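Nothing in this text is a laboratory measurement; each read-out follows from the coordinates by a stated rule. Just so we're clear, the structure is a prediction, and the values are computed from it rather than from any experiment. Methodologically, a virtual Cβ is constructed for each residue, glycine included, from the backbone with ideal geometry; neighbour enumeration extends over all protein chains shown.
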Amino acid sequence: MGKDKYKVRNWQDYNRGLKKRGEISLWLNKEVLAGWEDNEKGSNRGRPCVYSDLAIETCLTIRKVFNLALRQCEGFLVALFRSLKIDLPVPDYTVLCRRASQLRLNIKSLGTSSKAIDLIVDSTGLKVQGEGEWKVRKHGAAKHRTWMKLHLGLDAASQQIMFSKLTTNAVTDEQAVEELPTVIAGSIKSFTGDGAYDKTTVRKMLHTARIKQIIPPQKNAVINKSGKAFLRSRNKAIADIKLQSRKDWKIAVNYHRRSLAETAMFRYKTVIGANLQARSLINQKVEAIISCNILNKMLQLIKPQSYKVK
């Protein structure tokens, strides 16, 4: 049995939207320009900041959109301000690097409803340093290859990224979502994840927050007879799978929409890239949040409306 085939219903609009994502038409609104310089008098000792957090975030966002190094980002902004006749200073690359670690950013999900959402979670690896795949296969690795782990949670309806967490590769999937209900603004109706989230800590967290669990139990899982409330959903899934089949259970609970998370990971690596530019962990976390906000903004331009071909 082959894979299901889909066609895009709004291809003309989707095609125009994809082109618009690559248009180099930049402008800075009045709010950004008015808040470019830091006019707040802090209580900390030392030299006050010249640039606001908004200015630093704007510069780092432009850097990620055009995949620039910090020095090239500085030159790009100098040329942009010159062409737009904006009489404002531009932060140099050392300021951008230092101030990035001080930013406290959140995910900006655009166009989502205020209703409870169906959350889909997954994780992927982002490379920090190391040679390419061909070089390693041909000549071996000359230096240690390191990578970080990006955990994403998106709204199934809008496909907007609602949750983002960058960790080291030593952090497991269940550890990354332990504080999920307190991180996402608004309520979560259901949680869909693969078997990596079939852990006691995740089940307890979801049960306490009254979130529906759509997590496949392990293939050799047995019904737990301890009577613990947070395991009821898991026990029911095990019983339903035994009555029908794992495939039928996934169809019944709409588990296959988890592929939207895999699509989001593919979108991230295609648009943003599979590498992290920053070197320190705190700057990498800021970089990941900025990247997710860029993807959310791009998704607002156009989203394909697909349908299954019978």
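State the antiparallel share, in %, of DSSP beta bridges confined to the chain, rounding to the nearest 5. Don't skip to the end; give the middle numbers.
Details: 22 of 30 bridges.
The answer is about 75 percent antiparallel.
Within 10 Å, at most 12 other Cβ atoms, and a DSSP state outside H, G, I, E, B define an exposed site. Report the longest part of the chain free of exposed GluC sites (Glu not before Pro). List each step's numbers first, then the result.
Details: sites that count: E23, E40, E179.
Longest gap between qualifying sites, sites excluded: 41-178.
Taking Rg/Rh (Cα atoms, Kirkwood Rh) straight from the coordinates, which label in [x] 1.02; [y] 0.94; [z] 1.08 is the correct one?
Label of the calculated value: [x].
For the range 140-295, give me the percentage of DSSP beta bridges that are antiparallel, rounded to the nearest 5 percent. Intermediate values should be presented prior to the final figure.
Details: 7 of 10 bridges.
Just about 70 percent of them are antiparallel.
Given K228/K285; K108/K269; K20/K285, which pairs have Cα atoms separated by over 26 Å? Walk me through the intermediate numbers first.
On the way: K228/K285 37 Å; K108/K269 19 Å; K20/K285 28 Å.
Violating the 26 Å limit, Cα to Cα: K228/K285; K20/K285.
Can you give the FRET efficiency to the nearest 0.05 for T172 and S83, using r as the Cβ-Cβ distance and R₀ = 45 Å?
Here the calculated transfer efficiency is 0.40.
What distance in nm separates the two pseudo spin-label positions at N29 and F266, each 7 Å out from Cα along the beta-carbon direction?
3.3 nm
Assign one of three labels to the range 139-227, namely rounded, prolate or oblate, based on the Cα gyration tensor with a ≥ b ≥ c the square roots of its eigenvalues; rounded applies when a/c is under 1.5, prolate when it is not and a/b is larger than b/c, and oblate otherwise. If you can, show how the numbers build up before the last one.
Numbers: a/c = 2.32, a/b = 1.38, b/c = 1.68.
Taking the square roots of the gyration eigenvalues as a ≥ b ≥ c, the range 139-227 is oblate.
I need the shape label for the range 191-241. Rule: rounded when a/c is under 1.5, else prolate if a/b > b/c, else oblate, with a, b, c from the alpha carbon gyration tensor.
Values: a/c = 1.66, a/b = 1.16, b/c = 1.44.
Note, shape of the range 191-241 comes out oblate.
Could you compute the FRET efficiency for D240 and S280, with r as their C-beta to C-beta distance and R0 at 45 Å, rounded to 0.05? Let's see the in-between values first.
Numbers: r = 47 Å, r/R0 = 1.04.
E(calc), rounded to 0.05, equals 0.45.
By how many degrees, between 0 and 90 and to the nearest 10, does the Cα long axis of helix 259-271 differ from the longest principal axis of the chain?
Compared with the principal axis, the helix lies near 20 degrees.
Between K108 and K5, what is the FRET efficiency for a Förster distance of 41 Å, r being their Cβ-Cβ separation, to the nearest 0.05?
Working: r = 34 Å, r/R0 = 0.84.
Here the calculated transfer efficiency is 0.75.
Out of the trypsin sites (Lys or Arg not before Pro) in the range 256-301, which ones are loop residues according to DSSP with at most 12 other C-beta atoms within 10 Å? Spell out each step's value before the answer.
On the way: sites: R257, R258, R267, K269, R279, K285, K297; in loops: R279.
Taking the range 256-301 and a limit of 12 other Cβ atoms within 10 Å, the loop trypsin sites (Lys or Arg not before Pro) found are R279.
Counting other Cβ atoms within 10 Å, keep those with at most 14, restrict to DSSP loop, and tell me which chymotrypsin sites (Phe, Trp or Tyr not before Pro) in the range 57-114 are left. Display every interim value, and only then the final one.
Numbers: sites: F66, F76, F81, Y93; in loops: F66.
Hits after loop and neighbour filter: F66.
Compute a Gaussian network model of the chain, connecting alpha carbons closer than 10 Å, and tell me which residue from S83, S291, S190 fluctuates the most.
S83
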